[in-house]
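The values are calculated or read from the model by the stated rules, or taken from the named source; none is laboratory data. As the structure is a prediction and not an experimental result, all values here were calculated from the model. Here the Cβ is made from the backbone with ideal geometry for all residues, glycine too, and neighbour counts use every protein chain on show. Note: areas computed on protein heavy atoms with side chains; ligands, DNA, RNA excluded. Shrake-Rupley method; radii C 1.70, N 1.55, O 1.52, S 1.80 Å.
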Amino acid sequence: MSVALPIPGFPGRIFAVTLPAGPGGTPVTVGGQNALPLLPEGEHPNAPAVGMEVRTGPLELPPALAGTIGPFAGNPAAMARKCAGDWGARFLFLSLAGCHPDAGGQSVSFGAAVVREVLSATPAPVIVGGCGDEEVDALLFPAVAEAALRPVFLSYAEEKNYRLVAGAALAYGHGVVSWSPIDINMAKQMNLLLADLGFPPDRVLIDPLTGGLGYGMEYTFSIIERIRLAGLSGDAALARPVLCHLGDAWKAREATDASEGTWGDVDARGRRWEETTGLACLAAGADLLVCRHPSNVARLSGAAWR
Amino acid sequence: MADETGSIRFHPDGVDVPGIPGESLLAHALRGGIPLLSPCGGESRCGKCRVLVVGKTQGGEDPGALTRAEIAAGIRLACRCFPSSGDISVTILPGSRPARLTAYLDGKDLAGDEPFLPLSRAALGSVPLGVALDLGTSTLAGTLVDLSDGSVLSRATADNPQMACGEDLISRVVFAEETTGGFELLRGRLLSGVDGLVRRLLEASPVPGEVTDVVAAGNTVISHFLYGISPSPIRRPPYHPVRKEYPAVPGETLGTAPATARAMWRIFPSLGGFVGGDVVAGILASGMHRREEVSLLFDVGTNGEVVLGNRDWRITCSSSAGPAFEGGEVGCGMRAYPGAIESVRIEPETAAAEWTVIGRGRPAGLCGSGILDLCAELFRAGIVDRAGRFTSRGAGRRRSTERGEAFVVVPREKSATGCDVVFCESDLKSVLRTKAALCAAAEALLAAVGLPREAVARVYIAGGFGNFLDLRSALTIGLFPPISLARFAPLGNASLAGALGALRNRRRWKEALSLASGTLYHDLSSDHGFMELYQRGLFLPHTDEESYRSVLAAEIRA
């Protein structure tokens, strides 16, 4: 009787994706691995990268963030410089949340101007996020794609708007983040739809929707793991780097509630809540982390071994 | 107070029905035996029971189902319109009259040749006759057999008269529960339909004789009605029928007409609440229960039933696939009646649609096979993307409607109704849900027994829709798992073929009885993997498009 020997490695490899930088900046390349994280075998040419979020619009900061990024709220360019300069963020996620009708409703042209401002303030790679309102985003993404004078990534493309987002990105040479709500099949479907449009696979990142610690983290963990296993097993549509937003960690009461004296210092608690969420994402296989607390950039980068 | 309610005259039948205050026009029509479409069973959901009213009435002006101009012209929904006073004239609009389905569909029997061994050999003075019946949700079909030699004497079909109380089974069960005397009415309608069918069979028979045996295959709800048991438990958790086996009884016990009152009635056993004797008969006709190779059997209807197995084991499930292929839930959908588009081709360059119509007249809508073709062609031509959304291609053939952007299949000047026959994104989404549920049901059965798709040697497609569908179109949109076209075999009316087989050979009937206990019922609502399989199917052709491409590259554009 013959016993099949275990396969020593995976047949597939994750596409290497580069987030381009401006003159004088350092591009970020992630992906390219043919193995799972935390394990000794396989090749891991690129370590995961940690970036920070820059937001427009009104911001209600929890105690742990008010003291650190609070002074830069309302000034995206200054915040961007600080993140990429002093705090060591390797890339920036510029969220144009301020264009949402419920968040002040900044105009589309204002949003595009912010993008231009941030891009000239720092050479770091940038991912630009829409505001989440379908009608506004339909105007915002083309405007941003045109306004960005160097290649960025547009976040995010989903089933409803992917033609618009990917079309704008293709026309101006940007990349896209393909989004799905914690569902491996929908993640694959999104990437197949993008491929049908002729979108180059090395300009696509997967955003699997990241739940915060205690608030859905475990679902995200297993979906990232499954996406990665499928990609490494040869499913090309899922062989893309994974981007995780840690912002959901800051929605947890445990991260923000100062009134619970027995829970310990709310500043340390908030920061750790985000860090723990990020560590779990790294262990699951995430390639890009977007955090909000400045000290988590170094901590998570230090943990991003491989 | 208004005058007393007078009489209600229904046109074009010209029948007068005495008015009863507080009773809807639909209820009056039912009482008077007037044919009137009511797919939802009078729940005011479908908007298909349209009548033109002259006289004083109240209600039935649902703005969601009728336009302002229609309401002004006196058009009402019969299920929500009540007579108020005086005589009323009610004209049933052409689109709301059930069309007669005359086509008789034979079933194939692939179980193999066998000696003639009739169920009973009654030594009567006259020729012993047997009747095989397929009691479908919408259609009743029957075959009359000479039990002295097994030859077929006549064939007939008829509409199931229960249709007026709801087009789908659940509507009928609700009708039976919520209407006073509803159960008796539904049972009476079924019996009258069956009696009428048998009468026509006997009239058409060249040989006079006496019916000694009846074998009937029907879904679980119809079998319950026929046997006189309430089907109510089937629609409530845990969805179990009252009984799965129906011991043979003479017709007089069931209350049938004298022609079959002395005959022995054998009703095929049910496998579960939503997998009935029609499926058991289908298994019999396919012969999958006699072979060593593993087969899949699909019965495509409102509920898609799937059976997987071979001679040693079988597992079955029912998936609430939805009525998209029976013309429900699709704006331009209709049953396979004259005037329905049965096949569609789209010219990729111009996006112009060509079609063939049942009965060669002008098209009024699309039946299941036409809907399936249309979806496959829209996808092949690149007019819709894999997620079922319109792309920029073929924009010239689209226009906006109150239901969103829609592809114009037939322009109004060529249609029978004077309106465009259109297909919109929500219609395509409903087809996607239907096909995902059916394909996922088969995948769930394979997963439950741990077999790969490659293990399936034959795929049988039972039912009228299964007989007329274009297999290439079906596989292009992923209605079935990716299995080579050569392994597919349409069975036609397998339920009738199975009943006929059992009538001619008593061993077959014994097999049917043993299938009931030898086939496992797999409950999809408690299958944890089903929702994921379903989500995988909500894509064209499937999220696992590689398998479709590798197995079916030659047949489909994947």
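Measure out, as a whole number of angstrom, how far apart the alpha-carbon centroids of segment B:412-468 and segment A:170-206 sit.
27
From the convex hull of the Cα coordinates of segment A:74-200, what is the mean projected area in square nanometres? All intermediate terms of the calculation are to be shown ahead of the outcome.
Values: hull surface 31.0 nm².
Taking the Cα atoms of segment A:74-200, their convex hull projects to 7.8 nm² on average.
Would you rank A:Thr26, B:Thr139 by solvent-accessible area, highest first, keeping every protein chain in place and using a 1.4 Å probe?
A:Thr26, B:Thr139
Shielding of A:187-196 by partners, i.e. mean partner chain Cβ atoms within 10 Å per residue? Intermediate results must be reported in sequence, preceding the final value.
On the way: counts 1, 5, 10, 1, 0, 8, 5, 0, 1, 5.
Going residue by residue through A:187-196 and averaging, the value is 4.
Report the full-extension gain for the segment B:Ser550 to B:Glu252: residue separation times 0.36 nm, less the Cα-Cα distance, to one decimal in nm.
Values: separation 298, 0.36 × 298 = 107.28 nm, distance 5.75 nm.
Difference between extended and current length: 101.5 nm.
Using just the alpha carbons, could you tell me how many Å³ per residue the convex hull of segment B:127-277 encloses?
92
Starting from the Cα of A:Arg253, step 7 Å along the direction of its Cβ; do the same at B:Met531; then give the gap between the two resulting points in nm.
2.5
Carbon-plus-sulfur fraction of the accessible area of chain B, 1.4 Å probe, in percent?
Numbers: 11260 of 21690 Å².
Here it works out to 52 percent.
Which one, B:Phe116, B:Ile229, B:Leu140, is farthest towards the positive end of the dipole of chain B when Lys and Arg carry +1 and Asp and Glu -1 on their Cβ?
Value: B:Phe116.
Tell me the Kirkwood radius of chain B: reciprocal of the mean inverse pair distance over distinct alpha-carbon atoms, in Å.
Answer for chain B: a Kirkwood hydrodynamic radius of 24.5 Å.
Roughly how big is the protein assembly as shown's charge dipole about its Cα centre, with Cβ charges of +1 (Lys, Arg) and -1 (Asp, Glu), in debye to the nearest 20? It would help to have the intermediate numbers written out before the result.
Numbers: 80 positive and 91 negative charges, 187 e Å.
With only Lys, Arg, Asp and Glu charged at Cβ, the dipole is about 900 debye.
Could you list which residues have their amide H under 5 Å from that of B:Leu491, counting only those 5 or more apart in sequence or on another chain, with H placed in the peptide plane?
Amide H neighbours of B:Leu491: B:Ile461, B:Ala462, B:Gly463.
With every atom except the alpha carbons ignored, what do you get for Rg and Dmax of segment B:337-422, in angstroms?
Answer for segment B:337-422, Rg first and Dmax second: 12.2, 35 Å.
Which percent of Cα pairs goes in each bin when the distances of segment B:448-548 are cut into 5 angstrom slices starting at zero?
2, 10, 14, 16, 21, 17, 10, 6, 2, 0
Return the single residue from A:Lys82, A:Lys188, A:Lys160 with maximal mean-square fluctuation; model: Gaussian network over chain A, springs between Cα atoms under 10 Å.
Between A:Lys82, A:Lys188, A:Lys160, it is A:Lys160 that shows the largest mean-square fluctuation.
Counting C-alpha atoms alone, how compact is chain A: give Rg to one decimal and Dmax as a whole number, in angstrom.
According to the Cα coordinates of chain A, Rg and Dmax are 18.9, 71 Å.
Kindly report, to the nearest 10 Å², the accessible surface of B:Met531 as traced by a 1.4 Å probe over protein heavy atoms only.
So the heavy atoms of B:Met531 present about 120 Å² to solvent.
Could you run the numbers on buried accessible area between A and B, total for both chains, 1.4 angstrom probe, in Å² to the nearest 100? Show your work: numbers first, answer last.
Values: alone 13000 and 22310 Å², together 34040 Å².
Result for this pair: about 1300 Å² buried.
At a cut-off of 50 Å², which residues of segment A:162-183 become less accessible once all protein chains are present than in their chain alone, using a 1.4 Å probe?
For segment A:162-183, once contacts with the other chains are taken into account, A:Arg163 lose 50 Å² or more.
Per DSSP H run of at least 4 residues, take -39500 (n - 2.57); add these up for chain A, divide by its residues and hand me the 222 nm value, nearest 500 deg cm²/dmol. Mind dumping the intermediate values first?
Working: 10 runs with 115 residues, N = 306.
One gets -11500 deg cm²/dmol as the mean residue ellipticity at 222 nm.
Sort A:204-210, B:113-119 for me by packing, meaning the mean count of neighbouring Cβ atoms within 10 Å per residue, highest on top. The partial results should precede the final answer.
Numbers: A:204-210: 25.7, B:113-119: 13.0.
The peptides rank, most packed first, as A:204-210, B:113-119.
Shape call for segment B:385-480 from the C-alpha gyration tensor, a ≥ b ≥ c root eigenvalues: rounded (a/c under 1.5), prolate (a/b greater than b/c) or oblate?
Working: a/c = 3.07, a/b = 2.10, b/c = 1.46.
Judged from the Cα gyration tensor, segment B:385-480 comes out prolate (a/c at least 1.5, a/b above b/c).
Just the number, please: carbon plus sulfur as a percent of the accessible area of segment A:46-303, 1.4 Å probe, no ligands or DNA/RNA counted. Walk me through the numbers on the way to the answer.
Numbers: 4940 of 9260 Å².
So the carbon and sulfur contribution to the accessible surface is 53 percent.
Please identify which residues in segment B:314-342 have an amide N closer than 18 Å to a label point set 7 Å out from the Cα of B:Glu293, following the Cα→Cβ vector.
Under 18 Å, as judged by backbone N against the label point of B:Glu293, lie B:314 of segment B:314-342.
Taking a quarter of the surface of the Cα convex hull of segment B:5-96, what do you get in nm²?
On the way: hull surface 19.7 nm².
One quarter of the hull surface, i.e. the mean projection, equals 4.9 nm².
Could you tell me the extents of the protein assembly as shown's C-alpha atoms along the three principal axes, largest first, rounded to whole Å?
The Cα atoms of the protein assembly as shown stretch 105, 86, 63 Å along the principal axes, largest first.
Please average, across the residues of A:19-27, the number of beta carbons from any other chain that are within 10 Å of each residue's own beta carbon, and give a whole number.
Numbers: counts 0, 0, 0, 0, 0, 0, 0, 0, 0.
Across the residues of A:19-27, the mean count of other-chain Cβ atoms within 10 Å is 0.
Accessible area per residue for segment A:46-303 in Å², computed with a 1.4 Å probe and the full protein assembly in place, what is it?
Result: 36 Å² of accessible area for each residue.
Give me the one-decimal nm value for the distance between modelled label points at B:Ala447 and A:Ser107, 7 Å along each residue's Cα-to-Cβ direction.
Label-label distance for B:Ala447 and A:Ser107, simple model: 5.2 nm.
Just to confirm my numbers, what's the Cα centroid distance between segment B:216-244 and segment B:260-294 in Å?
15
What distance in nm separates the two pseudo spin-label positions at A:Ala4 and B:Ala489, each 7 Å out from Cα along the beta-carbon direction?
In this crude label model, A:Ala4 to B:Ala489 measures out at 3.1 nm.
Gain in length, B:Trp313 to B:Ser126, computed as 0.36 nm per residue apart minus the alpha-carbon separation, to one decimal in nm?
Working: separation 187, 0.36 × 187 = 67.32 nm, distance 4.24 nm.
Once the chain is fully extended between B:Trp313 and B:Ser126, it gains 63.1 nm.
In whole Å, what is the distance between the alpha-carbon centres of segment A:1-78 and segment B:504-548?
Segment A:1-78 and segment B:504-548 have Cα centres separated by 43 Å.
Nearest 5 is fine: what % of DSSP beta bridges in the protein assembly as shown come out antiparallel, could you say? Don't skip to the end; give the middle numbers.
Working: 63 of 125 bridges.
Of those bridges, close to 50 percent are antiparallel.
Quick one: order B:His11, B:His28, B:His522 from most to least accessible surface, probe 1.4 Å. Present the calculation step by step, with values, prior to reporting the outcome.
On the way: B:His11 60, B:His28 0, B:His522 35 Å².
Descending order: B:His11, B:His522, B:His28.
State, to one decimal in nm², a quarter of the convex hull surface area for the C-alpha atoms of segment A:154-306, i.e. the direction-averaged projected area. Don't jump to the answer; show the numbers that get you there.
Numbers: hull surface 38.7 nm².
Answer in nm², one decimal: 9.7.
Which of rounded, prolate or oblate describes segment A:38-86 when judged by the alpha-carbon gyration tensor and an a/c cut-off of 1.5?
Values: a/c = 3.47, a/b = 2.42, b/c = 1.44.
It comes out prolate by the Cα gyration axes.
How much length is gained if the chain between B:Arg393 and B:Thr180 is pulled fully straight, taking 0.36 nm per residue apart and subtracting their Cα-Cα distance, in nm to one decimal? Don't jump to the answer; show the numbers that get you there.
Values: separation 213, 0.36 × 213 = 76.68 nm, distance 5.39 nm.
So the chain would gain 71.3 nm between B:Arg393 and B:Thr180.
Collect residues whose amide H, placed 1.01 Å from N in the peptide plane, falls under 5 Å from the amide H of B:Val357; neighbours closer than 5 in sequence don't count.
When sequence neighbours closer than 5 places are left aside, the close amide H contacts are B:Glu342.
Name the long-range amide H neighbours of A:Ser95: under 5 Å, sequence gap of 5 or more, or other chain; modelled H, no Pro or chain starts.
Placed amide hydrogens put A:Val54, A:Arg55, A:Thr56, A:Gly129 under 5 Å from A:Ser95.
Can you give the accessible area per residue of segment B:305-439, in Å², using a 1.4 Å probe? Could you put the intermediate results ahead of the total?
On the way: 5030 Å² over 135 residues.
About 37 Å² of surface per residue is accessible.
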